[in-house]
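Peer 1: Take a look at this one; I'll ask things after.
The values are calculated or read from the model by the stated rules, or taken from the named source; none is laboratory data. Bear in mind the structure is a predicted one, so any value in this text is a computation, not a measurement. Methodologically, a virtual Cβ is constructed for each residue, glycine included, from the backbone with ideal geometry; neighbour enumeration extends over all protein chains shown. Keep in mind that these areas ignore ligands, DNA and RNA; they rest on the heavy atoms of the full protein, side chains included. Shrake-Rupley method; radii C 1.70, N 1.55, O 1.52, S 1.80 Å.
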Amino acid sequence: MTKLIAFDLDGTLAEIGREICLENLQRLKQLEAQGNRLAIVSGKPVDYLCGFLRQAGLRQPALVGENGAVIQLGVDLPPKVFHILPYSAAAKRSIRHMREQFHTLLPDMWYQPNQVCLTPFPKNEREFAAIARCLKANAAHLNDVHVYRHADSFDIIPCGIDKYHGMAYLANLLQIPPEDTVAVGDGVNDYPMFDYAGFAIGVHVAEESRVDINFPDIEQALDYLLGEEAL
């Protein structure tokens, strides 16, 4: 039976800014050989994911970027199958407003090149604190978006867009029912994906009640998926 196995990238399949190790890449290829469809569901934009996976040798990975906002099948550019989830005009205005506020505050800050969400990367703790104060001061403009703080960035995402909705859209596109989906992740922005999936696997997830099984590292999670006791 074909299953959709969706992996978070940073902190799950690979450390931030690092490659997937060769041993784990081989494990992913084995999962494909067993008939599973693999997906990367990440906060990174799909063009980043596309470049990241271009040399991986996976047959037809699905890419879900910007925490569920953008869905692409395969790594070809331009993609043959590409979708952006709908979101409100109010959320678009909120994101535009916050970008203007951040630019006034920190004009040389780098932003992830997203198509939907806003992801600023403060350079140090002083800039992190400045962004946090700016968000608090502009709370009235955040009613239509969600804000996540990560180790290296912030994500500002339209309400109604998250890894739950991105994974649900992808599963429907691939005609795979929810009960045949597996989500593998490590952080709070993966919780919506855990909620959607028929089975949730944590990689050192702090809140263990959010997953069906929790492993200390991705190697053990992949071995579990490959083993006889896997789903």
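Peer 1: When the residues of segment 114-149 are filtered to those that are of a type outside the set (D, E, K, R), assigned to a helix (DSSP H, G or I) and surrounded by fewer than 15 Cβ atoms within 10 Å (Cβ to Cβ), which remaining residue is nearest to the chain's Cα centre (by Cα)?
Peer 2: Here the answer is ALA132.
Peer 1: Kindly establish whether GLY198 is in contact (Cβ under 8 Å) with a residue 40 or more places away in the chain and either out of contact with any Lys or Arg (no Cβ under 8 Å at 6 or more places or on another chain) or surrounded by fewer than 19 Cβ atoms within 10 Å (Cβ to Cβ) (or both).
Peer 2: Numbers: in contact (Cβ under 8 Å) with a residue 40 or more places away in the chain: no; either out of contact with any Lys or Arg (no Cβ under 8 Å at 6 or more places or on another chain) or surrounded by fewer than 19 Cβ atoms within 10 Å (Cβ to Cβ) (or both): yes.
Considered against the rule, which asks whether it is in contact (Cβ under 8 Å) with a residue 40 or more places away in the chain and either out of contact with any Lys or Arg (no Cβ under 8 Å at 6 or more places or on another chain) or surrounded by fewer than 19 Cβ atoms within 10 Å (Cβ to Cβ) (or both), GLY198 comes out as no.
Peer 1: Can you tell me which residue among GLY68, GLY57 is among the small types (Gly, Ala, Ser) and modelled with pLDDT under 95?
Peer 2: Details: GLY68 fails: modelled with pLDDT under 95.
Every option except GLY57 fails the conditions.
Peer 1: A further question follows. Restricting segment 212-231 to residues that are part of a loop (DSSP other than H, G, I, E, B) and at pLDDT 95 or above, which is most open to solvent (accessible area, probe 1.4 Å)? If you could, list the steps in order and put the result at the bottom.
Peer 2: Step one: of segment 212-231, the residues part of a loop (DSSP other than H, G, I, E, B) are 212, 216-217, 227-231.
Okay, now just the ones that are also at pLDDT 95 or above, so 212, 216-217.
Numbers: ASP212: 98, PRO216: 80, ASP217: 49 Å².
Taking the candidates together, the pick is ASP212.
Peer 1: Kindly list the number of the only condition in (1) of a type in the set (A, V, I, L, M); (2) under 23 Å from CYS117 (Cα atoms); (3) open to solvent by less than 60 Å² (accessible area, probe 1.4 Å) that fails for VAL188.
Peer 2: (3)
Peer 1: Something else about it: Quick one: what pairs do we get from segment 77-101, first residue touching a residue at least 12 places away in the same chain (Cβ under 8 Å) and within 24 Å of ALA137 (Cα to Cα), second open to solvent by 60 Å² or more (accessible area, probe 1.4 Å) and in a helix (DSSP H, G or I), C-beta under 7 Å, 6+ apart or different chains?
Peer 2: Listed by first residue and then by second, the contacts come to SER94/HIS141; HIS97/HIS141; MET98/HIS141.
Peer 1: Exactly one of (1) aromatic (Phe, Trp, Tyr); (2) touching a Pro at 6+ places or on another chain (Cβ under 6 Å); (3) farther than 17 Å from ALA69 by Cα is unmet by PHE199. Its number?
Peer 2: (2)
Peer 1: Among the residues of segment 5-37 satisfying the criterion of being aliphatic (A, V, I, L, M), closer than 19 Å to ASP152 by Cβ and within 14 Å of the chain's Cα centre (by Cα), which is surrounded by the fewest Cβ atoms within 10 Å (Cβ to Cβ)?
Peer 2: Taking segment 5-37 as the starting set, the residues that turn out to be aliphatic (A, V, I, L, M) are 5-6, 9, 13-14, 16, 20, 22, 25, 28, 31, 33.
When the remaining residues are screened for being closer than 19 Å to ASP152 by Cβ, the result is 9, 13-14, 16, 20.
With within 14 Å of the chain's Cα centre (by Cα) added as a condition, the list becomes 9, 13-14, 16.
On the way: LEU9: 23, LEU13: 25, ALA14: 18, ILE16: 11.
By that ranking, first place goes to ILE16.
Here is a yes/no grid of residues against (1) modelled with pLDDT under 95; (2) in contact with a helix residue (DSSP H, G or I) (Cβ under 8 Å, 6 or more places away or on another chain); (3) among the aliphatic types (A, V, I, L, M):
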position	(1), (2), (3)
ALA140	no, no, yes
ASN143	no, yes, no
ARG149	yes, yes, no
CYS159	no, yes, no
LYS163	no, yes, no
GLY166	no, yes, no
LEU170	no, no, yes
LEU173	no, no, yes
ILE176	no, no, yes
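Peer 1: Does segment 162-182 contain at least one residue that is on the phi > 0 side of the Ramachandran plot, more than 18 Å from the chain's Cα centre (by Cα) and surrounded by fewer than 21 Cβ atoms within 10 Å (Cβ to Cβ)? Steps first, please.
Peer 2: As a first pass, look at segment 162-182 and keep what is on the phi > 0 side of the Ramachandran plot: 175.
Still in the running and more than 18 Å from the chain's Cα centre (by Cα): 175.
Filter once more, so that each one left must be surrounded by fewer than 21 Cβ atoms within 10 Å (Cβ to Cβ): 175.
Yes: one or more hits.
Peer 1: Let me ask something additional. If you check ILE71 against the conditions, is it in contact (Cβ under 8 Å) with a residue 40 or more places away in the chain and buried (at least 16 other Cβ atoms within 10 Å of the Cβ)?
Peer 2: Numbers: in contact (Cβ under 8 Å) with a residue 40 or more places away in the chain: yes; buried (at least 16 other Cβ atoms within 10 Å of the Cβ): yes.
Judged against the criteria, ILE71 is a match.
Peer 1: Could I ask something else about it? Which one is least open to solvent (accessible area, probe 1.4 Å) among residues in segment 103-113 that are in a helix (DSSP H, G or I) and of a type outside the set (S, T, N, Q)?
Peer 2: Taking segment 103-113 first, the residues in a helix (DSSP H, G or I) are 103-105.
Narrowing further to those that are of a type outside the set (S, T, N, Q): 103, 105.
On the way: HIS103: 100, LEU105: 78 Å².
Among those residues, the one meeting the criterion is LEU105.
Peer 1: Is there a residue being surrounded by 15 or more Cβ atoms within 10 Å (Cβ to Cβ), assigned to a helix (DSSP H, G or I) and among the hydroxyl-bearing types (Ser, Thr, Tyr) anywhere in segment 204-211?
Peer 2: No, that holds for no residue.
Peer 1: Tell me whether segment 144-167 contains one or more residues that are over 20 Å from GLY17 (Cα atoms) and among the hydroxyl-bearing types (Ser, Thr, Tyr).
Peer 2: Quick first cut of segment 144-167, residues over 20 Å from GLY17 (Cα atoms) only: 144-147, 156-167.
Those still in the list that are among the hydroxyl-bearing types (Ser, Thr, Tyr) too: 164.
Yes - at least one qualifying residue is present in segment 144-167.
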